[in-house]
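What follows is a single structure, written as structure tokens, with notes after it.
The values are calculated or read from the model by the stated rules, or taken from the named source; none is laboratory data. This is a predicted model, so every value here is computed, not measured. Cβ coordinates were reconstructed from backbone atoms using ideal geometry, including for glycine residues, and neighbour counts include every protein chain displayed. Surface accessibility is based on the protein's heavy atoms, side chains included, excluding ligands, DNA and RNA. Shrake-Rupley method; radii C 1.70, N 1.55, O 1.52, S 1.80 Å.
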Amino acid sequence: MYDPRDPTQVLGDRTTYKPSRNNELIWAWWRTHPYGRKKSEADINWARVAEQADICDQTIAGIQGTQPRYECAIAAQDRIDRASIEKQIIISCDGQLVFDDDGKTWMRVGYYEAPTLTLSANRDIIMMESVEAQDGESETQGVVVRYIDPNANFTLQPSAPWYNPNFYKA
């Protein structure tokens with residue numbers, strides 16, 4: 001399978017490809033292989049594939065010592081439809097199929113990224129919901145904020161990130 005991180009491999013020349021157990025590379029191989037999904041290699045965002053392949057290769061502590069974050073192998077029966085097999089590859093790394101603005105695709109693997117979003121009460125809170133308590137006092141239940149999401153073409157997105165724990169239990 002093609003690994004965009006390996007300079008000895010040439011995209012489109014399958015004789016330069018090498019085997020791998022990396023989930024992201026297996027997904028890209030299956031997506032483009034003639035016996036897989038038969039999609040064009042030009043339809044893949046290879047820069048994102050390389051980024052996600054690095055996440056799959058990260059070494060983590062597991063039950064049997066250290067191991068790569070995600071690795072798998074594939075054996076597919078001809079009687080199973082190709083989309084179902086692709087779905088199983090995606091599930092094997094808690095992945096998500098993503099398309100960029102150019103219509104190219106890659107698989108985002110399951111990985112925690114620390115949030116970089118900071119909300120401001122004066123700028124972001126667009127409404128609050130209050131409930132009149134039995135004793136006549138008004139208690140705030142929660143807030144609704146809006147934020148700008150780059151993945152949504154920088155349009156304002158409503159969100160409800162906070163609920164008063166005195167009224168709601170997680």
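Provide a single number: the residues in the stretch 36-45 that are of a type outside the set (Lys, Arg), open to solvent by 40 Å² or more (accessible area, probe 1.4 Å) and in a loop (DSSP other than H, G, I, E, B). Give the derivation first.
So the first thing to find is which residues in the stretch 36-45 are of a type outside the set (Lys, Arg), and the list is 36, 40-45.
Remaining after also requiring open to solvent by 40 Å² or more (accessible area, probe 1.4 Å): 40, 42-43.
Next, only the ones that are in a loop (DSSP other than H, G, I, E, B) stay: 40.
Matching residues across the stretch 36-45 total 1.
Among the numbered criteria (1) open to solvent by 20 Å² or more (accessible area, probe 1.4 Å); (2) charged (D, E, K, R); (3) outside any loop (DSSP other than H, G, I, E, B), which one does GLU24 miss?
Only one criterion is unmet by GLU24, namely (1).
Given (1) at pLDDT 95 or above; (2) open to solvent by 50 Å² or more (accessible area, probe 1.4 Å); (3) among the hydrophobic types (A, V, I, L, M, F, W, C); (4) closer than 15 Å to TYR111 by Cα, identify the lone condition not met by ALA53.
Answer for ALA53: the failing condition is (2).
Kindly indicate whether ARG48 is at pLDDT 95 or above and assigned to a loop (DSSP other than H, G, I, E, B). Even if it seems obvious, please write down each step before you answer.
Numbers: at pLDDT 95 or above: yes; assigned to a loop (DSSP other than H, G, I, E, B): no.
So ARG48 fails the test.
Please enumerate the residues belonging to the stretch 60-99 that are out of contact with any Asp or Glu (no Cβ under 8 Å at 6 or more places or on another chain), among the charged types (D, E, K, R) and surrounded by 12 or more Cβ atoms within 10 Å (Cβ to Cβ).
GLU71, ARG82, GLU86, LYS87, ASP94
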